[in-house]
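Encoded as structure tokens, the structure appears first; notes follow it.
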Amino acid sequence: MAKSNNGIKARSKWTLGDIVVHIILVILSVIWVLPIAWIIMISFRGEKGQYVSTLLPKSLTLANYTKLFTDTGILNFMQMFKNTLIIAIFSCIISTAFVLAVSYCMSRMRFRLRKPFMNVALILGMFPGFMAMIAVYYILKVLGLSEGSLIRVALVLVYSGGSGLGFYIAKGFFDTIPKSLEEAAYLDGATRWQSFTRIIIPLSRPIIVYTVLNSFLAPWIDFVFAKVICRANKDYYTVSIGLWNMLEKEYVYNWFNSFAAGAVLISVPIIILFMVMQKCYKDSMSGGVKG
């Protein structure tokens, strides 16, 4: 016992390198947490305006949150939140389906233009999407999707239309799944669709979680495409446009604290989605195909 205790004590001693690493991690953690803590603190601050004499708020209030739900005459935050949620949900579903379908085809199927297509997708992925912003807008305008309630449809198409080109990560994951599992299913009479849904999908939950999170975050935080397509149609603004408007010169004094409150609120769906997806990820690590 004495030897084992000495061994434990010996292993528990910190070297100079361990201390330096932990100090660096603490500093990085503070740098990462400080902006989040600051925006939460501002969301409860009672003093108006973006410039105040003290770092810590002198008074705390929930009025900044209630203002988002009650003061809808100038900036209707709830309508913007609803628009963004609808767009993000439909974009997430369509984008996830596109990415998984293209990734599976690129991983399992062999056809004539497979490699040229992969090379073109890789090259296009090097350019930011907003380079095609003007062309996309005029295409949507010709199709009659730039006015009224069809703006939501236009944004869903914009966010999900090119999602299939981002198949490389999911394809790499599918490549790690043994083909022998599918071949055994084919011998038992399964179709390719049954093999994909009953074998590949249950084994691919980690990459599905990754795809869902990325597909939801893209429309949730986007500003450029939403601003270009929505223009002056306030009824179809997303939260990113709404938060940006709160910082304009004529609104910033009265709305700055509510801007911070809105920034806190828009993180709630992301946190909920992450927790749900994390549970699916943990469940998927316990086993693959059952039955």
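To keep it simple, each residue is scored yes or no on (1) free of Cβ contacts under 8 Å to residues at least 60 places away in the same chain; (2) in contact with a Leu (Cβ under 8 Å, 6 or more places away or on another chain).
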residue: Arg45; (1), (2): no, yes
residue: Lys48; (1), (2): no, no
residue: Arg108; (1), (2): no, no
residue: Asn119; (1), (2): yes, no
Could you grab me the full set of residues in segment 149-168 that are among the aliphatic types (A, V, I, L, M) and out of contact with any helix residue (DSSP H, G or I) (no Cβ under 7 Å at 6 or more places or on another chain)?
-> Leu150, Val153, Leu157
Mind checking which residues of segment 195-243 are among the polar types (S, T, N, Q), open to solvent by 40 Å² or more (accessible area, probe 1.4 Å) and under 18 Å from Phe90 (Cα atoms)?
-> Asn214
Meets criteria (closer than 23 Å to Ile208 by Cβ and either touching a Phe, Trp or Tyr at 6+ places or on another chain (Cβ under 6 Å) or open to solvent by less than 30 Å² (accessible area, probe 1.4 Å) (or both)) for Met118 = yes
Could you list, in sequence order, the residues of segment 1-27 that are at pLDDT below 55 and either surrounded by 10 or more Cβ atoms within 10 Å (Cβ to Cβ) or basic (Lys, Arg) (or both)?
-> Lys3, Asn6, Gly7, Lys9, Arg11
Quick one: what pairs do we get from segment 200-226, first residue farther than 21 Å from Ile87 by Cβ, second crowded, with 20+ Cβ neighbours inside 10 Å and aliphatic (A, V, I, L, M), C-beta under 6 Å, 6+ apart or different chains?
-> Ile207/Ala170
Tally, over segment 227-244, of residues that are within 21 Å of Ile270 (Cβ to Cβ) and either free of Cβ contacts under 8 Å to residues at least 60 places away in the same chain or not assigned by the TED database to the domain that holds Gly129 (or both) = 3
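Table: residues versus (1) within 30 Å of Cys105 (Cβ to Cβ); (2) outside any helix (DSSP H, G or I); (3) of a type in the set (A, V, I, L, M).
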residue: Ser195; (1), (2), (3): yes, no, no
residue: Val209; (1), (2), (3): yes, no, yes
residue: Asn214; (1), (2), (3): yes, no, no
residue: Pro219; (1), (2), (3): yes, no, no
residue: Lys249; (1), (2), (3): no, yes, no
residue: Asn254; (1), (2), (3): no, no, no
State which residue is most open to solvent (accessible area, probe 1.4 Å) when the search covers only segment 244-280 and only residues that are under 19 Å from Ser91 (Cβ atoms) and in contact with a Leu (Cβ under 9 Å, 6 or more places away or on another chain).
-> Phe274
Residues of segment 96-135 being under 25 Å from Gly242 (Cα atoms) and touching a helix residue (DSSP H, G or I) at 6+ places or on another chain (Cβ under 6 Å), in sequence order, are Phe130, Met133
Of all residues making up segment 65-112, the number that are closer than 24 Å to Lys171 by Cβ and in contact with an Asp or Glu (Cβ under 7 Å, 6 or more places away or on another chain) = 1
Of the listed residues (Thr197, Thr211), the one being under 22 Å from Gln278 (Cβ atoms) and either of a type outside the set (Gly, Ala, Ser) or not assigned by the TED database to the domain that holds Ser103 (or both) is Thr211
Those residues of segment 34-87 that are more than 19 Å from Asn245 (Cα to Cα) and not in a helix (DSSP H, G or I) come to a total of 15
Can you name the condition, by its number, that Phe69 falls short on among (1) in contact with a Ser or Thr (Cβ under 7 Å, 6 or more places away or on another chain); (2) under 20 Å from Arg45 (Cβ atoms)?
-> (1)
Total residues in segment 141-193, condition part of a helix (DSSP H, G or I), over 21 Å from Ala121 (Cβ atoms) and either basic (Lys, Arg) or touching a residue at least 24 places away in the same chain (Cβ under 8 Å) (or both) | 10
Restricting attention to segment 125-157, which residues are open to solvent by 90 Å² or more (accessible area, probe 1.4 Å) and more than 30 Å from Gln79 (Cα to Cα)?
-> Met126, Phe127
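The values are calculated or read from the model by the stated rules, or taken from the named source; none is laboratory data. Just so we're clear, the structure is a prediction, and the values are computed from it rather than from any experiment. A quick note on method: Cβ atoms are made from the backbone with ideal geometry, for glycine too, and the neighbour counts reach across all protein chains shown. Just the protein is used for accessible areas: all its heavy atoms, side chains included, with ligands, DNA and RNA removed. Shrake-Rupley method; radii C 1.70, N 1.55, O 1.52, S 1.80 Å.
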